[in-house]
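Below is one structure, written out as structure tokens; the observations come after it.
The values are calculated or read from the model by the stated rules, or taken from the named source; none is laboratory data. From a predicted model like this one, the values you see are computed outputs, not experimental measurements. Reconstructed Cβ throughout: ideal geometry from the backbone, glycine too, with neighbour counts over all protein chains shown. We work out accessible area using only protein heavy atoms, side chains counted, and drop any ligands, DNA or RNA first. Shrake-Rupley method; radii C 1.70, N 1.55, O 1.52, S 1.80 Å.
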Amino acid sequence: MRFFLQRVAFYLFTAWAAITLNFFIPRLIPGDPVQALITKYQGQLSTKAIESLYVLFGIDKNGNVWSEYVEYWKQLFAGDLGLSFAFFPTPVSEVLSDSILWTLMLVGVTTILSFVIGTGLGVLAGWRRGSWTDGLLPVTTFFSSVPYFWLGIIAIYLLTGPDSFFPSGGGAEVGLVPAFDMYFIPSAIQHSLLPALTILISSVSGWILSMRNMMVTVSSEDYITVAHAKGLPERRVALGYAARNALLPNVSGFALSLGFIVGGTFLVEIVFSYPGIGFQLFQALGANDYPLMQGIFLIITISVLVANLLADVVYLFLDPRTRKEG
Amino acid sequence: MTIPTSSIEQVIPGQGSMAQPEAGKPAKAKRQRFLFLSNRKAAAGLIILGIYIVLAIIGPWIAPFDPGARGEDLMQGPSSEHWMGTTHLGQDVYSQLLVGTRSVIFVGFLAGIVATLLSVIIGVTAGYVGGKTDEVLSALSNVFLVIPALPLIIIVTSIMENAGEWVVALVIGFTSWSWNARVLRAQTLSLRRRDYVEAARATGERSGRIITFELLPNLTAVIASGFVGTVIFAVLSEITLAFIGITSSNTWNWGTILFWAQGQQALARSAWWWFVPAGLAIAILGTALSLINFAIDEFVSPRLRSAGKTKIKTNSGRTVRMRIGFTPVLSNSPEPITHASPIPVVDHNGATPVVRKEHAS
Amino acid sequence: MSAPVLEIKNLNVGYGLGDQGVRAVRDVNLTLHRGEVLGLAGESGSGKSTLAYGLTRLLAPPGVVTGGQVIYHPAEGEPYDVLGLSDERLRKFRWAETAIVFQGAMNSLNPVHKISVQLTDVLRAHEPKMSETSRLARAREMLKLVGIAADRMDAYPHQLSGGMRQRVMIGMALILQPQVVIMDEPTTALDVVMQRQILGQLIELRERLGFSVIFITHDLSLLVEFSDRIAIMYGGRIVEEAPAAAIYRDALHPYSKGLLGSFPALRGPRRELTGIPGSPPDLKGMPSGCSFHPRCPKAFDPCAGNIPVLGRPGTGDGRTRSVACWLHPTEEPVG
């Protein structure tokens, strides 16, 4: 329990740091973006919206940094991330809530799937060292060096077309209303297959490699020799003893590299015009939609933190040494 | 995007004896360094990287065309004149690729150097000084580790209008040091507990001296591996930034090529020559860097080295595989190997013993 | 002397193959008799652990058994060569007939499984028909046997002290009632009091259960105290083998003498600690002839050129002991 509370405290601290960072970033923008916006949306911005923009951007003429900071937190707690410029006057929080589910389904599911598959293959490659599985390594190295988005482009080029089963982009058939029904769900799955496969292929090799290396390292531990000496079946030694221990560092590695992975997968969304957070970020960049960018950064960071916390819980279950002494 | 997997396992100290740098004598270290170069992965990786570096230097001079110059042939496939075809404006893709190499290598190495310096300063200090300093620095690096780096880099560079190579490299460098700092901290901690470092501290040697002469030489492999990992990350990040059109499009890099290819519907127009070469260039550079990192990993923790010959023949001609838990048996003969006969019969009165020289195995 | 239970015949074990290969165990002949404690001593690098792992084929790559036989005499039935067993039969043989207590109990237990799981998975593998309740009962019984409270069944290894872990390992080794227990430096990591306590307990258990023990350690004084017979290894060969008392009283081989001089005896008359000058031979560059001759205070002409064979010495109580030394020329070789 102490371990768990320590982690929670750490993540809260990190969240605070990220939000604070988010507060300062727009303050680096040269010029007065709000004034530029007011000119752009002449007359459409309410006084209240303008006020909140000034707080967000920190160009409040009469406030000091500290009171701006306090104001910023107040807005955050009220769920107010400002108004999106690109989808004006939709609030950022609304834009995000539309796209987060898409990303969660695509990136979340494929990342976990990739970890599971990669770890499984890594167990094989590490245990049966010197067999055919070693031949996989150069191939996987190459694929892990390919940028996700480029692989996506190639996949679109090779596999999509007018007659292809795979659609070349989008989240679902145009015109379908998102709902849990027999029209929307199959179409959404069909649209997500190719992006998912792209993410899977380019991320799985990392897990294969790290799990293989862990297996090799763990295999020379004393307790593996003991397991063999005990005459246990090969499966039991490989899974219950070697893989079970090799998994631990891989799980913490998973948590730590989530931040890296998420960044890469967003590019896949962009290439496939998949209506998730990553694609939203792309559009925000194009429209200089700073509030949306900030909101996206915030939500990504918080999702990664939550995912990290979940990985910690899993680790807690896997490693008795982190549990309370009994 | 790739994760620097090669260092995942090094992050967790206390899991077996992986990634423990050899605390060898200088002579041994020299021999090992030589051994490192004889590693096939290292050699292949370094050769490929060398080619890229040479191209980065001479690329702009040997490029047959100005990468931005428009030509007559629009959207043409590879030909003898344009080896990698042309763009929608008739620009030569091959020249763009050559010219772009410099920017990619420059940003990769500059970001790598910045991040490595930061990680050494922060990681080694945290590990060596310990106490409150360690707690603060560890918390700092953990925060930077968990915050998704790429979105942060994207947002920061997009706010700085028309960010050039220097800015991009520095932003990447300042946001991607945390992983290596963590690894270095763990390594420094374990090195600090070693006898010879303890002894140096006990005899009152200056910290600076201990760090420079006792710690850093033993951290070389870990630092190198972290540097290479950051270069991979930086290259991919720069290309990503250019691909989504954030960075200034005046300088050419492989991401810029892909940006124009994507923007001009190269896919729909089946202009594969426009986007395949740049992607391959990235993948091959990434593979080369990964190979170097694998070699470093194997160098640091010998258990990972390929077992060499894993299949061996027994005396009866069967083939068995070397594996943990079942040592191969080459022969079941109960006869001694060293000497067959004669069985010595020794005369008590001091006669010469029977000579049986051992045959070297 | 009682019937043999394990006969090692010209066992050769090495690391690697071809030019890079080294031979760590050379033509070792050794017989373990029913119910006896056979001590195996030698400095690190003498090949004693390699011998133990080699005879059960547990040596990790690049270890290779290059030749020899290990004849096992089961309680019932015909003797067979352990090195000739198929993987499947070897798996069945392991732990049921020969169990091992490893060096360093710290790492011998799987850190992520409870003690009870690690005790019962042996039973699950070897006695599949046994019910879960009787498996647990048996595990509890074994813990009791080695003096651990049954409530530690649910403990994880990190929750036990070093001594307790080693006891668990001993209990685990005895759970299938093997005929042979190999102990590889079982107590090196423990303090002296704990060492003796555990070894004393083991000897007592041996008298009760009647298994044989191969006890490997570099600490000759422990062996003198706890074993019946002692074999001393140097450079991969057995250089002397004799009843424990005989080794203690008058070791024939200069190396055995040196080894005896390196440890203080806890009991018996006080003597001066001398140690052996020089360091153990490098497996890659084994000296010619008797591999001990460069360090031997009594080396003379034949030592450098010729390998002495292990055989009965012509003098004294020659019937029960053997030595490989040119100072004690052989009447009849062993093995």
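Structure data summary
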read-out: At q = 0.11, 0.26 Å⁻¹, base-10 log of I(q)/I(0) for region B:90-178 (Debye sum, equal scatterers on each alpha carbon); value: -0.42, -1.19
read-out: Under 15 Å, Cβ to Cβ, from C:His218 - net charge with Lys/Arg +1 and Asp/Glu -1; value: -4
read-out: At most 12 other Cβ within 10 Å, DSSP loop - GluC sites (Glu not before Pro), region C:32-126; value: C:Glu76
read-out: C:Ser86-A:Leu318 pseudo-label distance in nm [points 7 Å out on the Cα-to-Cβ vector]; value: 3.6 nm
read-out: Pairwise FRET efficiency - A:Ser220 versus A:Leu159, Cβ, R0 = 56 Å, nearest 0.05; value: 0.85
read-out: Mean projected area in nm² (Cα convex hull; one quarter of hull surface) for region A:126-202; value: 7.4 nm²
read-out: Accessible area (Å², per residue) of chain A, counting only protein heavy atoms and a probe of 1.4 Å; value: 42 Å²
read-out: Derived scalar couplings ³J(HN,Hα) [region A:149-163; Karplus, 6.51 cos²θ - 1.76 cosθ + 1.60; whole Hz; x for Gly, Pro]; value: 5, 5, 4, x, 4, 4, 4, 5, 5, 7, 9, 9, x, x, 9
read-out: Magnitude of the charge dipole, the protein assembly as shown, Cβ model with Lys/Arg +1 and Asp/Glu -1, debye to 20; value: 2740 debye
read-out: Positive-end residue, the protein assembly as shown charge dipole about Cα centroid, Cβ charges, pick of A:Leu258, A:Pro147, C:Ala96; value: C:Ala96
read-out: Selected from A:Trp66, A:Trp150, A:Trp16 as most flexible by GNM, with chain A as the system and alpha-carbon contacts under 10 Å; value: A:Trp66
read-out: Kyte-Doolittle mean at least -0.5, axial Cα span of 24 Å or more - DSSP H helices of chain C; value: C:192-209
read-out: Given charges at Cβ of Lys, Arg, Asp, Glu: the protein assembly as shown dipole, positive-most of B:Met75, A:His191, A:Phe3; value: A:Phe3
read-out: Average Cα contact separation per residue, chain A, under 8 Å, 6 or more apart, as relative contact order %; value: 26 percent
read-out: Separation of alpha-carbon centers, region A:232-264 and region A:135-170, rounded to whole Å; value: 26 Å
read-out: Computed over region C:110-177, Cα set: Rg, Dmax in Å; value: 11.0, 33
read-out: Chain pair B, A: total accessible area buried, heavy atoms, 1.4 Å probe, Å²; value: 6000 Å²
read-out: Using θ = phi - 60° and Karplus 6.51 cos²θ - 1.76 cosθ + 1.60, couplings along region C:237-245 (whole Hz; Gly, Pro as x); value: 10, 7, 9, 7, 9, 6, x, 3, 5
read-out: Accessible surface buried once B binds C (1.4 Å probe; total of both sides; Å²); value: 3100 Å²
read-out: Average other protein chain Cβ within 10 Å of Cβ, residues C:50-61; value: 5
read-out: Sites matching chymotrypsin sites (Phe, Trp or Tyr not before Pro) across region A:177-246 that sit in DSSP coil, with at most 16 neighbouring C-beta atoms within 10 Å; value: A:Phe180, A:Tyr183
read-out: Listed residue pairs exceeding 19 Å between alpha carbons, taken from C:Lys92/C:Lys129; A:Lys230/C:Lys114; C:Lys48/C:Lys284; C:Lys48/C:Lys298; C:Lys92/C:Lys114; value: C:Lys48/C:Lys298; C:Lys92/C:Lys114
read-out: All-pairs Cα distance distribution in region C:82-236, expressed in whole percent, bin size 5 Å; value: 2, 9, 18, 21, 21, 15, 9, 4, 1, 0
read-out: Degrees separating the helix A:65-77 axis from the principal Cα axis of chain A, which is the longest one; value: 70 degrees
read-out: Using a Förster distance of 30 Å, the FRET efficiency for B:Phe174-A:Leu113 (Cβ separation, nearest 0.05); value: 0.35
read-out: Kirkwood hydrodynamic radius (C-alpha pairs) into Stokes-Einstein, region A:93-322, 37 °C and 0.692 mPa s, D in µm²/s; value: 170 µm²/s
read-out: Diffusion coefficient, µm² s⁻¹, Stokes-Einstein with Kirkwood Rh over alpha-carbon pairs of region B:35-313 at 25 °C and 0.890 mPa s; value: 118 µm²/s
read-out: Residue mean of other protein chain beta carbons inside 10 Å, A:12-18; value: 4
read-out: Cα centre as origin, Lys/Arg/Asp/Glu Cβ charges: chain A dipole, Debye; value: 1100 debye
read-out: Equivalent ellipsoid dimensions for chain C as semi-axes, Å, which come from the Cα gyration tensor, largest first; value: 35, 22, 19
read-out: GNM result for chain C, Cα springs below 10 Å: residue of C:Ile214, C:Ile247, C:Ile276 fluctuating most strongly; value: C:Ile276
read-out: Relative contact order %, region B:35-313, counting alpha carbon pairs below 8 Å whose residues are six or more apart; value: 26 percent
read-out: Simple label model, 7 Å out from Cα along Cβ direction - C:Ser2 to C:His158, nm; value: 4.3 nm
read-out: Difference of contour (0.36 nm per residue) and Cα-Cα distance, B:Ile47 to B:Glu335; value: 98.6 nm
read-out: Calculated FRET value between B:Gln264 and A:Ser97, using beta carbons and R₀ = 45 Å, to 0.05; value: 0.85
read-out: Directionally averaged shadow of region A:241-295, computed from the convex hull of its alpha-carbon atoms, nm²; value: 4.9 nm²
read-out: For the protein assembly as shown, alpha-carbon Rg over 2.2 N^0.38 Å; value: 1.13
read-out: Trypsin sites (Lys or Arg not before Pro) restricted to region C:1-52 and DSSP loop, no more than 10 other C-beta within 10 Å; value: none
read-out: Peptide A:231-241, shielding by other chains (average Cβ, 10 Å cutoff); value: 5
